[in-house]
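In what follows, a single structure is set out as structure tokens and then discussed.
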Amino acid sequence: MKENLKFYGHDTVALAKRYGTPLYVFSANCFHASVEAIRRAFQKTKLDVTIHYAGKAFLTKAMCKLVAQEGLHLDVASGGELFTALQAGFPAEDICFHGSNKSNEELQMALDHRIGLIVIDSFDEIDRLTNLTTPEDRVDILVRIAPGIEAHTHELIQTGKVDSKFGVPASMVPQLMETLQELPRFQLKGLHCHIGSQITETEGFIKAAEKMLEIYAWIQKNYGQSFDYLNLGGGFGIPYLPQDPCIDLNALFTDLGEKVRDLCTEYDLKIPQLMFEPGRYLAATAGVTLYTVGTIKEIPGQKTYVSVDGGMMDNPRPALYGAAYHAEICNGKDEDKPVTVRISGKACETDTLIDQILLNDPQVGDILMVHATGAYNYAMASNYNRLPKPAVVLLMDDQSDIISRRETYEDIVRLDEIPSWLED
Ligand SMILES: Cc1ncc(COP(=O)(O)O)c(C=O)c1O
């Protein structure tokens, strides 16, 4: 009998047995290795760089602790993410707050806790923040710019185009600067852009840096203002399938550093501190999802459906963007009997998790591991079909701990109310 599949030294079948399935498993060791890898790559810029982990990829209170332990800053994109970070005691001054439609309540929370930076996304947000502050206040801000760069990635995760709900179009920077001149309470520390996600080519990042420094030069020339920071967002792609390309971060940051240094010399700019906001690159491969195979249907002349006990509720990315994943059967088997199958979820939708994959002799009751689910899976999970969300287990060396409990049916009805006129 072959051994069961291991994930960072842990027997995956034993994890499934101990914590139940579906189960998100996240390796602190893998996260640490990815942080180290990206740190080494950033050194190639030969510039001062800060890393803000993008909490939207995966955030719980324990995750905030891990991020702080790694010495990273944190990018949050909603009141809920900000609240999670504050509850975990994450240093407020190391938090950067994003969002294309922040509410008064969210902005007030950020102001009350004096978080490090608020990234303004629109003129309406400047109005909202003005109403929430006094002329004597001082609030450090960045402004998100839509630089007009089309990254090589899925259309739905391209975010730097001119025609985008994110940021202020580059063409409106003069208007932005005029508005901010009247509001000295806002300390404009720099600009931000994020061109998209799951990008595996380096060209878009270089073009974005060029465009942003061109804007810095224009602002310095016309307003005499120089900036402390240049935030170029996240978006570094990872290989989801064994044959997928991985972005060459060493090449990217060597070229990017050279470009920034050259352009700052050419435009006579103070070299800003660079900020990056990787989410997926740090979290995705640190996570896997374990499922139990429930039903196997061999449709004569068609295909074999292997149905698992999760689906689009715990991983909506295949349904949203046609995202591809790799999976393996975890149970050690005596022989290799590869079969081509489709992996389906249990939702009342055609929730295909993996369209076509070779699995080794899948049987009812087997444990299946889907790779690279650490980013945008738990974070995007829903209760569709009123299904409870899976637990999340954190692995650290040979230790495993629950960091988010499995929801129960009680949790599912916890917020429900029945109006008196419907009571028996
Ligand atoms: C502003 C911003 N920063 C960072 C990220 C993280 O992107 P990724 O997880 O692809 O690195 C996103 C993702 O949408 C984003 O919108």
Under 25 Å from the Cα of LYS165, which lysines turn up, not counting those fewer than eight places away in the same chain? LYS56, LYS102, LYS189, LYS207, LYS211
Round to the nearest 0.05 the FRET efficiency obtained for GLU266 and LYS46 when R0 = 22 Å and r is the Cβ-Cβ distance. 0.80
As an exercise, identify the GluC sites (Glu not before Pro) in the range 356-424 lying in DSSP coil whose Cβ has no more than 15 other Cβ atoms within 10 Å. GLU417, GLU423
With all protein chains present, calculate the accessible area of THR130 using a 1.4 Å probe and round the result to the nearest 10 Å². 30 Å²
When the chain is treated as a GNM, springs tying every alpha-carbon pair under 10 Å, which of LYS56, LYS189, LYS297 comes out with the largest mean-square fluctuation? LYS297
Mind ranking MET396, MET313 by accessible surface for me, highest first, 1.4 Å probe? MET396, MET313
Using 0.36 nm per residue of separation minus the Cα-Cα distance, give me the extension gain between LEU422 and SER382 in nm, one decimal. 11.7 nm
Leaving out ligands, DNA and RNA, and with a 1.4 Å probe, what % of the accessible surface on the range 148-300 is carbon or sulfur? 46 percent
With +1 on the Cβ of every Lys and Arg and -1 on the Cβ of every Asp and Glu, and nothing else charged, how large is the dipole of the chain about its Cα centre, in debye rounded to the nearest 20? 500 debye
Return the aspartates and glutamates within reach of LYS346: Cα separation strictly under 12 angstrom, same-chain partners fewer than 8 residues apart disregarded; answer none if there are no such residues. ASP309, ASP314
Once normalised by the length of the range 28-283, the mean sequence separation of its alpha carbon contacts under 8 Å that are 6 or more apart gives a contact order in percent of 22 percent
Need one word for the range 1-88: rounded, prolate or oblate. Basis is the Cα gyration tensor (sqrt eigenvalues a ≥ b ≥ c); a/c below 1.5 gives rounded, then a/b vs b/c decides. oblate
For the range 28-283, what does the accessible surface come to per residue with a 1.4 Å probe? Please give it in Å². 42 Å²
How about LYS303: which aspartates and glutamates have a C-alpha closer than 15 Å to its C-alpha, ignoring those fewer than 8 places off in the same chain? ASP355, ASP361
Distance between the range 71-142 and the range 191-228 - C-alpha centres, whole angstrom: 22 Å
Which residues among the range 90-109 fall inside the zone where the amide N is under 16 Å from a point 7 Å beyond the Cα of ASP228, along Cα→Cβ? 92-97
Which of THR200, THR340, THR352 fluctuates most in a GNM of the chain (C-alpha springs under 10 Å)? That residue is THR340
Accessible area of VAL162, 1.4 Å probe, to the nearest 10 Å²? 100 Å²
With a 10 Å cut-off between alpha carbons and a GNM built on the chain, which of GLY311, GLY71, GLY279 moves the most? GLY71
As a check on your grasp of the helix formula, calculate [θ] at 222 nm for the chain: sum -39500 (n - 2.57) over DSSP H runs of n ≥ 4, divide by the residue count, round to the nearest 500. -8500 deg cm²/dmol
Along the charge dipole of the range 1-160, Cβ charges K/R +1 and D/E -1, which of TYR8, LEU23, GLN87 sits furthest on the positive end? TYR8
Two pseudo-spin positions, 7 Å from Cα along C-beta at CYS246 and at ASP355, lie apart in nanometres by 2.5 nm
Looking at the chain, what % of its DSSP beta bridges pair antiparallel, to the nearest 5? 45 percent
Picking from PRO419, ILE403, ALA372, whose Cα lies most toward the positive end of the charge dipole for the range 370-421 (charges on Cβ: Lys, Arg +1; Asp, Glu -1)? PRO419
Using DSSP H assignments, which helices in the chain have an axial alpha-carbon span of 18 Å or above and a mean Kyte-Doolittle hydropathy of -1.0 or higher? 28-43, 203-223, 249-267
Quick check: from the Cα gyration tensor, does the range 28-283 come out rounded (a/c under 1.5), prolate or oblate? oblate
Accessible-area value, THR202, 1.4 Å probe, nucleic acids and ligands omitted, Å²: 40 Å²
Largest-first ordering by accessible area, 1.4 Å probe, given options PHE83, PHE123, PHE276: PHE83, PHE123, PHE276
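The values are calculated or read from the model by the stated rules, or taken from the named source; none is laboratory data. These figures come from a predicted structure and were not determined experimentally. In this analysis, Cβ positions are derived from the backbone assuming ideal geometry, glycine residues included, and neighbour counts consider all displayed protein chains. In case anyone asks, the SASA skips ligands and DNA or RNA and just uses the protein heavy atoms, side chains included. Shrake-Rupley method; radii C 1.70, N 1.55, O 1.52, S 1.80 Å.
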